[in-house]
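The values are calculated or read from the model by the stated rules, or taken from the named source; none is laboratory data. Note that the structure is predicted; figures quoted are calculated from it, not measured. Every residue, glycine as well, gets a Cβ built from its backbone with ideal geometry; the counts of neighbours run over all protein chains shown.
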Amino acid sequence: MIRKIKYFILFIFLFILGCFAGYLYWLFSDLPDVKTLEGYRPLEASIVYSADGKVLTEFFYERRKFVPHYEIPDRIKKAFVAAEDVRFYKHPGVDIVGILRALYRDIRAGGIVEGGSTITQQLAKMLFLKPEKSLERKIKEAILSIQIEKKYTKDEILGLYLNQAYFGNRAYGIAAASEAYFGKSFKDINIAEIALLAALPKAPSAYNPFKRPNIALKRRNIVLQKMLEEGFITKEQYDEGIKYPLPEHPHWRKFEAPYFVETLRQELEAKYGERLYKDGLRIYSTIDYNLQKIAERAVVKGLEEIHKRVKPQVQASLIAIDIKTGHVKALVGGNDFWETQYNRAFALRQPGSAFKPFVYAVALMDGFTPDDTLLDAPVSFPGATQGKLWTPKNYNNEYHGEVSLRKAIALSLNAATVRLAAQVGIKNVVAFAQQCGLTTKIHPYLSTALGAAEVKPIELTAAYSVFATGKKITPIFYEKITDHNGLVLEENKITVETVLPEEIVEPMRELLREVVLSGTAQRAKEIKREIYGKTGTTNDFSDAWFIGFDDALLVGVWVGRDNNKPIGPKEAGARAALPIWIEFMKEANLF
């Protein structure tokens, strides 16, 4: 009987041992491989730079900038060790002493006041495990921590932790946290600021200095006290640190050139997908930060002046393009991006007389010269409806008889221009406009010569490069993209195509220069350099334009209302759009 009992006890013991071994085997078989940390790369924000090196914005799921552990200052590492795991450099990943100490303090307090998790355990939980509270997870966490400690140095582990931790206010990792809370690099923050950051990962919402400053201050000072006790800072540094004020507001990355940036984001998302928000790409855009600011000020000032004359809600767009490369140097798509993200630089609008240069360019290629004459007098053509006539009218119904091409374009004479279009062939004009880069549907009707078709401001502006140099350019928004290590992923090549013969370019520039010297854009003479361009106005004053260039920049300005209603009486291109263009070009000459 005794023997049977012994066998039974042995059987129970072996059964329990087998179950425990099986449980451990199951735990180990389900564990992630810590070797994957060798290729560790957290989600990292992609950064967009201006052509002159300014940060325009970041694209991210998690705002983070990865920092190698050897670049993190020792004072930051010590602060987190003091706050989170004072025996970090002594334990093998799991701190039995720390667990017993935490348990003792929790019992004395009658609740959980201190946890026993090490920095390594927290890293294992963040990278490999679900945030559930269970014995199984704690065991896996401990096993993983020991494995991590065997494979990596303490500094490597601490570096991974400081890059992965969430600090609140949409900031992940020490670099992003430093910028979000203090507006400066992690390399430049002082002891008090470091202590605040070290206080946050335990409970970012609870210790948020912007919402709970009293609690955050108390927690920060506790971290400073721990740093003093461990000999990480001097008494003088401690005394100075506890007097240092908390930050008053988050330092969000400014979203510069918003219409441009959003256009760029859409283009790159279509090409790179989720990589744009996860892989820490470096995007070197074409925008010139100073020119962009000048453009934004010019649009605001111009619209303020217009709103003194007419009801508000008039909008404007401004596009500035490098005349030789196609690089977009400034782009404004409306009065206020934060009010409406609709980008008028890409909206479909009627160009009015800003389309006329295409007619005159075809005429020059057809053998006309700037001094050849046209009849500017009332004329009728078959209309769209059978049996009805269409009669183009000049502004104020004034006609000038025989005029040169030079005068006809300078004064923007409708009757003379339509006669010219009929003579050279409106189909030829449409084909040439499309060759210059206009992609929207343009019907070969004579009314098209006066800008009846709809175009995109950015395309119409870029098309004027043909009048300036004879070459068609394609607007380019970024020069190159690299990965986080600086390896070039893509370079945007300049595409230039000769469209207008060289011998036609000079007479075409003469015609557009005449618009400024004696025509509808005479106000632009206040810019003391050679300026070329053309005003544009639709019949009901719903669209106002000026597109022009000097030897460096090609700039288009459009003004109108989103609902296509008239801007106001007599709000022609020369009155509504040209002042904005002049304001921009006067300052742009300084750069």
- If we scan the stretch 231-251, do we find a residue that is surrounded by 19 or more Cβ atoms within 10 Å (Cβ to Cβ), touching a helix residue (DSSP H, G or I) at 6+ places or on another chain (Cβ under 8 Å) and of a type in the set (D, E, K, R)? no
- Message: Among the listed residues 486, 470, identify the single one that is under 29 Å from the mean Cα position of the chain (by Cα) and within 30 Å of residue 284 (Cβ to Cβ).
- Response: 486
- Query: Looking at residue 188, is it out of contact with any Lys or Arg (no Cβ under 6 Å at 6 or more places or on another chain) and in a loop (DSSP other than H, G, I, E, B)?
  - Reply: yes
- Note on the structure: When restricted to 512, 554, the only residue crowded, with 22+ Cβ neighbours inside 10 Å, in contact with a helix residue (DSSP H, G or I) (Cβ under 7 Å, 6 or more places away or on another chain), touching a residue at least 12 places away in the same chain (Cβ under 8 Å) and part of a helix (DSSP H, G or I) is 512
- Please work out which residue is farthest from residue 431 (Cα to Cα), limiting yourself to the stretch 341-353 and to residues that are touching a Phe, Trp or Tyr at 6+ places or on another chain (Cβ under 9 Å) and in a loop (DSSP other than H, G, I, E, B). 341
- Is it true that residue 186 is modelled with pLDDT of 95 or more, surrounded by fewer than 24 Cβ atoms within 10 Å (Cβ to Cβ) and within 28 Å of the chain's Cα centre (by Cα)? yes
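Looking at the stretch 336-348, which of its residues are at pLDDT 95 or above and under 19 Å from the mean Cα position of the chain (by Cα)? Give the steps one after another, and end with the answer.
The initial filter retains those residues of the stretch 336-348 that are at pLDDT 95 or above, namely 342-348.
The answer is 342, 343, 344, 345, 346.
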- Message: Every residue in the stretch 281-290 that is surrounded by fewer than 23 Cβ atoms within 10 Å (Cβ to Cβ) and over 11 Å from residue 55 (Cβ atoms), please.
- Response: 281, 284, 290
- Query: What do you reckon, is residue 463 assigned by TED's automatic domain parsing to the domain that holds residue 361, aliphatic (A, V, I, L, M) and surrounded by 18 or more Cβ atoms within 10 Å (Cβ to Cβ)?
  - Reply: no
- Task: Determine, yes or no, whether residue 331 is over 17 Å from residue 554 (Cα atoms) and at pLDDT 95 or above.
- Result: no
- Query: Would the stretch 478-491 turn up any residue that is within 27 Å of residue 365 (Cα to Cα) and out of contact with any Cys (no Cβ under 8 Å at 6 or more places or on another chain)?
  - Reply: no
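If we scan the stretch 98-111, do we find a residue that is surrounded by 20 or more Cβ atoms within 10 Å (Cβ to Cβ), at pLDDT 80 or above and closer than 20 Å to residue 83 by Cα?
From the stretch 98-111, those surrounded by 20 or more Cβ atoms within 10 Å (Cβ to Cβ) are 98; that's our starting set.
Now restrict to residues that are at pLDDT 80 or above: none.
No, the stretch 98-111 contains no residue that is surrounded by 20 or more Cβ atoms within 10 Å (Cβ to Cβ), at pLDDT 80 or above and closer than 20 Å to residue 83 by Cα.
Applying the selection to the stretch 364-391, what residues are among the charged types (D, E, K, R) and at pLDDT 95 or above?
As a first pass, look at the stretch 364-391 and keep what is among the charged types (D, E, K, R): 366, 371-372, 376, 388.
Listed by number, the residues that qualify are 366, 371, 372, 376.
Would you confirm, using the coordinates I've provided, whether residue 199 is over 27 Å from the mean Cα position of the chain (by Cα), of a type outside the set (Ser, Thr, Tyr) and buried (at least 23 other Cβ atoms within 10 Å of the Cβ)? Full working, then the answer.
On the way: over 27 Å from the mean Cα position of the chain (by Cα): yes; of a type outside the set (Ser, Thr, Tyr): yes; buried (at least 23 other Cβ atoms within 10 Å of the Cβ): yes.
Spelling it out, residue 199 is indeed over 27 Å from the mean Cα position of the chain (by Cα), of a type outside the set (Ser, Thr, Tyr) and buried (at least 23 other Cβ atoms within 10 Å of the Cβ).
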- Among the numbered criteria (1) crowded, with 20+ Cβ neighbours inside 10 Å; (2) in contact with a Pro (Cβ under 9 Å, 6 or more places away or on another chain), which single criterion is violated by residue 416? (2)
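Let's see how each residue does on (1) surrounded by fewer than 24 Cβ atoms within 10 Å (Cβ to Cβ); (2) in a strand (DSSP E or B); (3) in contact with a His (Cβ under 9 Å, 6 or more places away or on another chain):
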residue: 320; (1), (2), (3): no, yes, no
residue: 339; (1), (2), (3): yes, no, no
residue: 355; (1), (2), (3): no, no, no
residue: 358; (1), (2), (3): no, no, no
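Pull up the stretch 464-509, narrow it to residues that are in a helix (DSSP H, G or I) and without any contact (Cβ under 8 Å) to a residue 40 or more places away in the chain, then point me to the one that is farthest from residue 342 (Cα to Cα).
Taking the stretch 464-509 as the starting set, the residues that turn out to be in a helix (DSSP H, G or I) are 465-469, 502-509.
From what's left, without any contact (Cβ under 8 Å) to a residue 40 or more places away in the chain: 502-503, 505-506.
Working: 502: 39, 503: 41, 505: 35, 506: 38 Å.
That would be 503.
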- Message: Just to be sure I understand the filter: pairs with C-beta atoms under 9 Å, separated by 6 or more residues or on different chains, first member in the stretch 418-434 and on the phi > 0 side of the Ramachandran plot, second member surrounded by fewer than 21 Cβ atoms within 10 Å (Cβ to Cβ) and among the acidic types (Asp, Glu). Which pairs pass?
- Response: 425/366
- Every residue from the stretch 557-591 that is surrounded by 24 or more Cβ atoms within 10 Å (Cβ to Cβ) and of a type in the set (Val, Ile, Thr): 557, 559, 567, 580
- Can you name the condition, by its number, that residue 162 falls short on among (1) modelled with pLDDT of 95 or more; (2) not in a helix (DSSP H, G or I)? (2)
